[in-house]
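Engineer: I am attaching a structure below and will ask some questions about it afterwards.
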Amino acid sequence: MPEVIFNGPEGRLEGRYQHGSQPNAPIALMLHPHPQHGGTMNNKIVYSLYHNFVQRGFSVLRFNFRGVGRSQGVYDRGEGELSDAASALDWLQTYNPNAGQCWIAGFSFGAWIGMQLLMRRPEISGFISVAPPANNYDFTFLAPCPASGLVVQGTADDIVPQESVKKLVDKLSHQRGITIDYRLVEGANHFFTGQLDEMIGHVDNYLDKALVKTEA
């Protein structure tokens, strides 16, 4: 997985990129958890999501938000990080101009950033949102939510309570033409410690179905 450096709004951003083997390979962008709480592109959940999309033949990019690792800049309360994500998607599209699909996947803070990016980029086909922090961040901008996707949550998450995520999912599910697949991992904490394979199994199962639909 080659290391890449690309230009962001506040300087260089550090990433890891795997190019799909097909000329029109779909693209996917991975977004990591909170920069001030140890979140990096090497987070186990982010890496597992990245690897899943790579195995499916996608061209996949994960990167460090500003101020993390070798990425320049400083933490900007989500506003700057959203700009970083937009720059990362621009870079990904530059190298994959004929991509048939575009997916985003994020964990925790990264899920919040990903859902905001979803609202701004109509080319995004679908999303994976792992433990979206609906208790700490405002998700009311999803009105309407422009794409269907998967939300995965642990029932024993003490950072993002299951109840707050369910409220968000219920709200999104009432929107016309949008399907939110909501999966629970029983007994899992915020980081899916010891249950990462189970969480990724849900992602795998969802993508098996979702990608067949989009290809049909």
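The values are calculated or read from the model by the stated rules, or taken from the named source; none is laboratory data. Computed from a predicted structure; not experimentally measured. No Cβ is skipped: glycine too gets one built from the backbone with ideal geometry, and neighbour counts run over all protein chains shown. Keep in mind that these areas ignore ligands, DNA and RNA; they rest on the heavy atoms of the full protein, side chains included. Shrake-Rupley method; radii C 1.70, N 1.55, O 1.52, S 1.80 Å.
Engineer: Nothing charged except the Cβ atoms of Lys and Arg (+1) and of Asp and Glu (-1): what's the magnitude of the dipole of the chain about its Cα centre? Round to the nearest 20 debye.
Structural biologist: Working: 17 positive and 21 negative charges, 63 e Å.
Magnitude of the dipole: close to 300 debye.
Engineer: How much net charge surrounds Val203 when only the other residues with a Cβ under 11 Å from the Cβ of Val203 are counted, with Lys and Arg +1 and Asp and Glu -1?
Structural biologist: Working: positive: Arg56, Arg183; negative: Asp181, Asp197, Glu198, Asp204, Asp208.
Local net charge: -3.
Engineer: How much of the accessible area of the chain, in percent, comes from carbon and sulfur atoms when a 1.4 Å probe is used?
Structural biologist: Numbers: 4700 of 9680 Å².
C and S fraction of accessible area: 49 percent.
Engineer: Normalised by the number of residues in the stretch 10-97, what is the relative contact order in percent for Cα pairs under 8 Å and 6+ residues apart? Working shown, then result.
Structural biologist: On the way: 144 pairs, mean separation 33.0, N = 88.
Worked out over the stretch 10-97, it gives 38 percent.
Engineer: Any chance you could check the Cα centroid distance between the stretch 152-216 and the stretch 51-66 for me, in angstrom?
Structural biologist: 19 Å
Engineer: Suppose the chain between Phe141 and Tyr75 were pulled fully straight at 0.36 nm per residue; how much longer would it get relative to their current alpha carbon spacing? Mind dumping the intermediate values first?
Structural biologist: Values: separation 66, 0.36 × 66 = 23.76 nm, distance 2.18 nm.
Taking 0.36 nm per residue and subtracting the Cα distance, the gain is 21.6 nm.
Engineer: Evaluate the Kirkwood expression for the hydrodynamic radius of the stretch 1-94, namely the inverse of the mean inverse distance over all pairs of different C-alpha atoms, and round to one decimal in Å.
Structural biologist: Values: mean 1/r = 0.0763 Å⁻¹.
Taking every pair of different Cα atoms in the stretch 1-94, averaging 1/r and inverting gives 13.1 Å.
Engineer: Kindly report the accessible area of the stretch 1-70 per residue (heavy atoms of protein chains, probe 1.4 Å, no ligands, DNA or RNA), in Å². Don't skip to the end; give the middle numbers.
Structural biologist: Values: 3070 Å² over 70 residues.
Averaged over the residues of the stretch 1-70, the accessible area is 44 Å².
Engineer: Please compute the contact order of the stretch 47-91 in relative form: average sequence separation of alpha-carbon pairs under 8 Å and at least six residues apart, divided by the residue count, as a percent. Kindly include the intermediate steps, with their values, before the conclusion.
Structural biologist: Values: 25 pairs, mean separation 11.3, N = 45.
Relative contact order comes out at 25 percent.
Engineer: Only sites in a loop by DSSP and with at most 13 other Cβ atoms within 10 Å count here; which GluC sites (Glu not before Pro) in the stretch 54-134 make the cut?
Structural biologist: Numbers: sites: Glu79, Glu81, Glu123; in loops: Glu123.
Qualifying residues, ordered by number: Glu123.
Engineer: List every DSSP H helix in the chain whose Cα atoms extend 15 Å or more along the helix's own long axis and whose mean Kyte-Doolittle hydropathy is at least -0.5.
Structural biologist: Values: long enough: 44-55 (16 Å, 0.17); 79-94 (23 Å, -0.27); 109-120 (17 Å, 0.90); 162-173 (16 Å, -0.65); 196-215 (28 Å, -0.32).
Sorted by number, the helices that extend far enough and score high enough are 44-55, 79-94, 109-120, 196-215.
Engineer: I would also like to ask the following. On the principal axes of its Cα set, how long, how wide and how thick is the stretch 62-166? Give whole Å, largest value first.
Structural biologist: Each principal axis gives a Cα extent; for the stretch 62-166 these are 40, 32, 21 Å.
Engineer: Take the alpha carbon gyration tensor of the chain, find the square roots of its eigenvalues, order them as a ≥ b ≥ c, and report rounded if a/c is under 1.5; if not, report prolate when a/b exceeds b/c, else oblate. Please report the intermediate quantities before stating the final value.
Structural biologist: On the way: a/c = 1.39, a/b = 1.15, b/c = 1.21.
Because its axes are fairly even, with a/c under 1.5, the chain counts as rounded.
Engineer: Considering only Arg12, Arg183, Arg77, give the residue with the highest GNM mean-square fluctuation for the chain, with springs between Cα atoms whenever their separation is below 10 Å.
Structural biologist: Ranking Arg12, Arg183, Arg77 by mean-square fluctuation puts Arg77 first.
Engineer: So, one more: As a test question: what accessible area, to the nearest 10 Å², does Thr155 have when a 1.4 Å probe is rolled over all protein chains in place?
Structural biologist: For Thr155, the solvent-accessible surface is approximately 40 Å².
Engineer: Right, here's the next one. Can you put Ser164, Ser59 in order of accessible area, largest first, using a 1.4 Å probe?
Structural biologist: Values: Ser164 25, Ser59 0 Å².
Result, largest first: Ser164, Ser59.
Engineer: Would you calculate the separation in nanometres between label points at Met119 and Lys209, each defined as 7 Å from the Cα along the Cα-to-beta-carbon direction?
Structural biologist: Taking the simple label geometry, Met119 and Lys209 are separated by 2.7 nm.
Engineer: Under the definition of Cα pairs under 8 Å and six or more residues apart, what whole-number percent is the relative contact order of the chain?
Structural biologist: Working: 441 pairs, mean separation 35.9, N = 216.
Normalised by residue count, the contact order of the chain is 17 percent.
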